[in-house]
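Here is the structure we will look at.
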Amino acid sequence: MERGYWIKSKPIYQSLVWHNTATSHLVVAQGQGGMAVLKLFQQMHPKQPVTVLYEQQAESDVDYANTLNKVTNEDLLVLESTQEVVSVLKKIMPQKHMGLRIYVAGSEAFIWAVAEAVKECGVEDGDIMKELTGTLARTIYCVHCKAITHNIKTNVGKCSGCGRMLFVRDHFSRNLGAYMGLMVDAESPGELPEIEEIYP
Amino acid sequence: MSMIDVKVAAVEQVTPLVKHFTFVKADGSTLPPFSGGSHVVISMDIGGRVHRNPYSLMGSPLATDAYHISVRKQEHSRGGSVFMHEHVSVGMPMKITYPVNLFALAKKAHKHILIAGGIGITPFMSQIADLERLGADYELHYAFRSAEHGAFVAQLEKICGRRLHCYIDDQGKRLDLETLLASQPLGTHVYVCGPGSMVTAVLETARNLGWPERHIHNEQFLSPPVGEPFNIQLAKSNIEIEVPADMSMLEAIEAAGVEADYLCRGGVCGRCELDVLESDGAILHNDHFLTDTEKVSCKKIMPCVSRAKGKRLLIDL
């Protein structure tokens, strides 16, 4: 099984911690990222205003939305899809000022969808604190046909565009929010390595 | 280090303390292009001793027929600026380094806030040329002592128009950093160049308001401070050198004929960093490059601005 190795483009995620200095805070989470938000609210609470956007997922066994509603006392907005989160962000971000700190918790696809949505307003991905939760599933970018395929859990995945079997690399594009996928049997067609679930 | 041979094409007194120098290539060809915020290091032969001072390039980076710098006369310095003011005249040959940029504009920024104090205006003179060309959103906040000390104000008014905000100290007009930095849209970057107290105030205000570190930029060249003489031993060259009170360690190493790397000579870039193998005293770190942990460990020294106390300082050079 493939183990991680050091590669500059591969994002390193952390546990959410409040920034000591800020003028306001924006927390954006999805599904099991609700736990990361609850942990954040267990830390000493900042004096500045906090806004929480939470995408509820049906398959989640814990009702984080309900618990979050009890602890936040603040501006909590529960949403049904990543699309909704993105459209709320696009509406509220242009009015925000420097000093707003942004925290994101969720799947990798969610984290980078949020990063993409706030990028238009000049927020760079390095300005955002990110916690990966729930799944290691990867989004892959096919270097042959340029299609993006979501939710790949195995070392080799099928391209949604051209159907090639792609080896999932650790090279990550912050611009696309995706890992590089390379045809695995280009040199010896049909010869595939053992396909294992390594990104559950 | 390879140098460019130039000659002085013009010298102009801009304010009572600031002179503007124009250099052209000695052989008449064009100079290398540069980017806004770049500087060059000028070599000066002062009584047989070589001084090298960094100065920001002004003017448009696209105009490579000449380089422009401005020098403020520092009365209580080791003589570099006094030499520039009193001994450099039109036609004189000089040597400068290739341009280096340690104060580049952030290309992803949606807005740029430039804050200058006094002679700290110089790096912004080339940056605003870039910003104007790119059609970028920016504001220039320029503070100086009194009207007669406001270098290049007329020129800036012409280039920047309403983007220029002047704060003239003796007219009681002060720059309110808190208000300025609290009301900037997301995606803004702030840049400061000026006296130490102003740089510190901008860095602290931006950090306290929650600006991410990558959105805060500063440039503050230090001149090597005068101190007590001390001795150093160079392990590879196998020599002992005395660093006189008014010379930097880097200058003493160069005067002894040993090649050492450098870029900015102002404690900023990190290029001249040397490993300390042994020391029996304190290292007086004056640079803005090493982290506090590195400074405490006494394993590294920036010879362009830092000094030492003690009998033994063995350097890996």
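Observations, loosely collected:
- Listed by position, the strands (runs of 3 or more DSSP E) contained in the stretch B:73-165 that have at least 2 residues being in contact with a Cys (Cβ under 9 Å, 6 or more places away or on another chain) are B:111-117, B:138-144.
- Residues of the stretch B:219-240 that are without any contact (Cβ under 8 Å) to a residue 40 or more places away in the chain and either crowded, with 22+ Cβ neighbours inside 10 Å or among the polar types (S, T, N, Q) (or both): B:Asn238 alone.
- Test: residue in the stretch A:85-95 that is surrounded by 17 or more Cβ atoms within 10 Å (Cβ to Cβ) and at the interface with chain B (Cβ under 9 Å from one of its Cβ atoms): yes
- Condition check for A:Ala115: within 14 Å of chain B (Cβ to nearest Cβ), crowded, with 17+ Cβ neighbours inside 10 Å and more than 18 Å from A:Val17 (Cβ to Cβ): yes
- In the stretch B:176-191, the residues that are farther than 27 Å from B:Ser126 by Cβ and more than 9 Å from chain A (Cβ to nearest Cβ) form Cβ pairs under 9 Å with partners that are of a type in the set (A, V, I, L, M) and surrounded by fewer than 23 Cβ atoms within 10 Å (Cβ to Cβ), at six or more places apart or across chains, as follows: B:Glu178/B:Leu209.
- Among the residues of the stretch B:259-280, those identified as closer than 19 Å to B:Gly227 by Cα and free of Cβ contacts under 8 Å to residues at least 40 places away in the same chain are B:Ser279, B:Asp280.
Yes or no, residue by residue, for (1) surrounded by fewer than 21 Cβ atoms within 10 Å (Cβ to Cβ); (2) among the aromatic types (Phe, Trp, Tyr):
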residue	(1), (2)
B:Thr64	yes, no
B:Gly79	yes, no
B:Leu114	no, no
B:Ile119	no, no
B:Ala136	yes, no
B:Phe144	no, yes
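- First in the stretch A:118-131 and more than 8 Å from every other protein chain (Cβ to nearest Cβ), second anywhere and assigned to a loop (DSSP other than H, G, I, E, B) and of a type outside the set (S, T, N, Q), Cβ under 6 Å, 6 or more apart: A:Asp125/A:Arg174; A:Met129/A:Leu16; A:Lys130/A:Tyr13; A:Glu131/A:Tyr13; A:Glu131/A:Leu16
- Count of the stretch A:96-112 residues which are surrounded by fewer than 21 Cβ atoms within 10 Å (Cβ to Cβ) and of a type in the set (Gly, Ala, Ser): 1
- Residue tally, condition over 15 Å from A:Glu197 (Cα atoms) and either surrounded by 18 or more Cβ atoms within 10 Å (Cβ to Cβ) or among the hydroxyl-bearing types (Ser, Thr, Tyr) (or both), over the stretch A:141-174: 8
- Only one entry of B:Ala136, B:Ala201 meets the criterion of being at pLDDT 95 or above and within 30 Å of B:Ile283 (Cβ to Cβ), and that entry is B:Ala201.
- Test: residue in the stretch A:1-16 that is buried (at least 20 other Cβ atoms within 10 Å of the Cβ) and either without any contact (Cβ under 8 Å) to a residue 40 or more places away in the chain or within 14 Å of chain B (Cβ to nearest Cβ) (or both): no
Here is a yes/no grid of residues against (1) out of contact with any helix residue (DSSP H, G or I) (no Cβ under 6 Å at 6 or more places or on another chain); (2) of a type in the set (Lys, Arg); (3) within 24 Å of A:Lys96 (Cα to Cα); (4) modelled with pLDDT under 95:
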| residue | (1), (2), (3), (4) |
| --- | --- |
| B:Arg163 | yes, yes, yes, no |
| B:Pro185 | yes, no, yes, no |
| B:Val192 | no, no, yes, no |
| B:Pro195 | yes, no, no, yes |
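- Just one of (1) buried (at least 16 other Cβ atoms within 10 Å of the Cβ); (2) under 21 Å from B:Ala255 (Cα atoms) fails for B:His288. It is (2).
- Of everything in the stretch B:194-204 that is among the hydrophobic types (A, V, I, L, M, F, W, C) and within 14 Å of chain A (Cβ to nearest Cβ), the residue that is farthest from B:Phe124 (Cα to Cα) is B:Leu203.
The values are calculated or read from the model by the stated rules, or taken from the named source; none is laboratory data. Bear in mind that the values here come from a model prediction, so they are computed numbers and not experimental data. Cβ sites come from the backbone with ideal geometry, for glycine too, and all protein chains shown count toward neighbours.
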